[in-house]
2 protein chains.
Amino acid sequence: MAEHPFLLACRRQSVPYVPVWYMRQAGRYQPEYRQLRERYSLLDICRIPELCMEVTRLPVTQLGVDAAILFSDIMVPLGPMGIDFDIVEHVGPVTRNPVQSASDVARLRVYDPAAELPYVAESVRLICDNVDVPLIGFAGAPFTLASYIVEGRPSRDYLKTKRLMWSEPAVWQSLMDKLADVVIRYLRMQIEAGAAAVQVFDSWVGSLAPEDFQAHVLPAMRRIFAAIADTGVPAIYFGVGTGELLPMFAEAGANVVGIDWRVSIREARRRTGGGVAIQGNLDPALLLAPWSEIERRARSVIDQGLEADGFIFNLGHGVVFHQPPVAVDTLRRLTEFVHEYSALRIGAGRNDA
Amino acid sequence: MAEHPFLLACRRQSVPYVPVWYMRQAGRYQPEYRQLRERYSLLDICRIPELCMEVTRLPVTQLGVDAAILFSDIMVPLGPMGIDFDIVEHVGPVTRNPVQSASDVARLRVYDPAAELPYVAESVRLICDNVDVPLIGFAGAPFTLASYIVEGRPSRDYLKTKRLMWSEPAVWQSLMDKLADVVIRYLRMQIEAGAAAVQVFDSWVGSLAPEDFQAHVLPAMRRIFAAIADTGVPAIYFGVGTGELLPMFAEAGANVVGIDWRVSIREARRRTGGGVAIQGNLDPALLLAPWSEIERRARSVIDQGLEADGFIFNLGHGVVFHQPPVAVDTLRRLTEFVHEYSALRIGAGRNDA
């Protein structure tokens, strides 16, 4: 498994073809998933290892991707901290007891995930036994988790979150510290159970000015990546709209930086200094475009990706939900195209040399 | 008026102090505005010149800013094109007949704004007669306008808009062309009525990959700025999250590029090549922070702004709506700080020389 192209690419070693997986590769675009969701809630699927394994495995079988990612919700590790939340259809995570004061933060528990979330480790083990590609463990990053529990629901401006950060920096730091502690324990549990890599989702951190990221978020991120470095498992740090933050994303200590479509692979390599692998970055809206346009844009992404070792093909954010849904066949065809086109180009390069 | 610091800065001439205005400086954070809105809708205020003048003038009087901006809604020029919309409280512009096909685009009318929107020119004249700072005319840019009328409402992903752009490029181009034609006529009318500058709001164009902006949006923007260049009135081109688009924003032909807080003034100057003035870029969420933090961050923005001629202080997006609201006094104090601190620094520079 250590020689799997996905893991080689994470470590910036040479690969026979560009590995590919998709954020939210298990989800509502799949007819099988929609059918399952008629009987089970999203959180049910997270909590029942057999269901979690099936849902995690399905896109690997259907699409031929090079990695599975633990099916879960970003909010799962927040429950045992004392956050009372629900996932509301067409809205997202809604928190009944938002965190907005020093005493709210003081009440948050840092807990032992093996005791409180045993089903997560069990799911990871079950997936590793039943899926023949590397499994990526999953956690939200402290800023993005904080944005949900401070706002109480998905937000566009993150006004309450930023206000807390600036008005009560000590409370904010304590919140970041507790969230980082939980994320570290949660990721280590997944790694111990068999995850071959982990991705930390900081989807909304691109809403911050670089100065704010540096002062109020980067320290927690450094601590997270330092605390799992001894496992030897590659860590991916992903966010949306992070163009100006990329030098600091590289400093944070991850092995791979995930980017969205707003910044090119080439520019991301330049800004991260070449010391990390890059993952991305097709606009997920392109999955609704004609195939000719998808192929043209994927080719451009792959061409830039192949300019150096250390590239993983992905979307710039999760597979979108749309009516009519993205076709499973589109993603299968894209996966094949990435494999075949990149293998040809890599082979041609070897013949040239 | 041509010697007003705001206009000097637009033209990258030297100024005695850094001029400042705020996007959405007239709005719900003002008690007087909230009171007026109990009796009049947003569109009423846009349509009644006396009300429009009062609302446009109020922040100039209250805050001491260096420019007024025509109070209006981005949707106003779309009505006579045949768009049936309403501004829904806490939602935004909702279109009852979204534009999603070739025949929808074919039906859109390019009209004479002097005949269809006479109250806009009348408002501009009334404001110019009653406000003693330059008036900035106002229009949305084709992409952002299209995003509202294609999606039918505010969106996070712009899936329908992007799908139209990629799936039916000829229809998309026709839509951009018609919107650009209307924007050009609408801006020229405002300039003829007395607007001393214009700002084109492309708030959501930062959702595009650079390649898409270049292929599907930039041509319309070039055409707009070229078509008003003969008026000699400075044009500002503004968008959110446009860090990677800035070289093309500069190419589009505007005199001033407005940026958000995600990218620094210094970096924006570098990417635009120095041939345009820069406007921005304090995170509007900072208006909810303690004054010490606002001042520290404003100082940093001004320091970078003063590294070259051609800088206008603004927020990175509109004044936010929040409960409790941003205090009018915070914005007044910020305006004073920008004026005093920048005048001191400019004066010190002169003494050094």
*May I ask you to say which residue of A:99, A:60, A:110 is more than 22 Å from residue A:238 (Cβ to Cβ) and crowded, with 22+ Cβ neighbours inside 10 Å?*
A:99
_Where residue A:160 falls short, out of the listed (1) open to solvent by 10 Å² or more (accessible area, probe 1.4 Å); (2) away from chain B (no Cβ under 14 Å); (3) outside any loop (DSSP other than H, G, I, E, B)_ = (2)
*asked:* Anything in region B:83-119 that is within 18 Å of residue B:158 (Cα to Cα), β-branched (Val, Ile, Thr) and modelled with pLDDT under 95? List them, or say none.
replied: B:91
_Looking at region A:233-242 only, could you name the residues that are part of a loop (DSSP other than H, G, I, E, B) and either within 14 Å of residue A:221 (Cβ to Cβ) or among the charged types (D, E, K, R) (or both)?_
A:239, A:242
*Limited to region A:205-227, what total is found for residues that are closer than 12 Å to residue A:141 by Cα and open to solvent by less than 40 Å² (accessible area, probe 1.4 Å)?*
7
*Looking at (1) in contact with a strand residue (DSSP E or B) (Cβ under 9 Å, 6 or more places away or on another chain); (2) open to solvent by 10 Å² or more (accessible area, probe 1.4 Å); (3) under 30 Å from residue A:329 (Cβ atoms), find the lone condition where residue A:53 falls short.*
(1)
_From B:328, B:301, residue being in contact with a helix residue (DSSP H, G or I) (Cβ under 8 Å, 6 or more places away or on another chain), open to solvent by 10 Å² or more (accessible area, probe 1.4 Å) and within 12 Å of chain A (Cβ to nearest Cβ)_ = B:301
*Scan region B:11-25 and give yes if some residue there is surrounded by fewer than 18 Cβ atoms within 10 Å (Cβ to Cβ), within 17 Å of the chain's Cα centre (by Cα) and modelled with pLDDT of 95 or more, otherwise no.*
yes
*Across region A:239-257, what is the number of residues that are under 19 Å from residue A:13 (Cβ atoms) and either touching a Gly at 6+ places or on another chain (Cβ under 6 Å) or within 13 Å of chain B (Cβ to nearest Cβ) (or both)?*
1
_Residues of region A:33-50 satisfying the condition of being exposed (fewer than 14 other Cβ atoms within 10 Å of the Cβ) and of a type outside the set (Ser, Thr, Tyr)_ = A:34, A:35, A:38, A:39, A:44, A:50
*asked:* Looking only at residues that are open to solvent by 30 Å² or more (accessible area, probe 1.4 Å) and closer than 19 Å to residue B:333 by Cβ in region B:262-292, which one is nearest to the other protein chains (Cβ to nearest Cβ)?
replied: B:290
_Sole residue being away from chain A (no Cβ under 11 Å), closer than 28 Å to residue B:53 by Cβ and either open to solvent by 30 Å² or more (accessible area, probe 1.4 Å) or more than 20 Å from the chain's Cα centre (by Cα) (or both), chosen from B:230, B:202, B:177_ = B:230
*Exactly one of (1) in contact with a helix residue (DSSP H, G or I) (Cβ under 6 Å, 6 or more places away or on another chain); (2) within 11 Å of chain A (Cβ to nearest Cβ); (3) farther than 18 Å from residue B:69 by Cβ; (4) part of a helix (DSSP H, G or I) is unmet by residue B:211. Its number?*
(1)
*Members of region A:180-190 that are free of Cβ contacts under 8 Å to residues at least 60 places away in the same chain and either buried (at least 23 other Cβ atoms within 10 Å of the Cβ) or in contact with a strand residue (DSSP E or B) (Cβ under 6 Å, 6 or more places away or on another chain) (or both)*: A:187
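The values are calculated or read from the model by the stated rules, or taken from the named source; none is laboratory data. Values in this document were obtained by computation on a predicted structure and should not be read as measured data. Note that each Cβ is placed from the backbone with ideal geometry, even for glycine, and that neighbours are counted across all protein chains shown. Heads up: the accessible areas ignore ligands, DNA and RNA and are worked out on the full protein's heavy atoms, side chains in. Shrake-Rupley method; radii C 1.70, N 1.55, O 1.52, S 1.80 Å.
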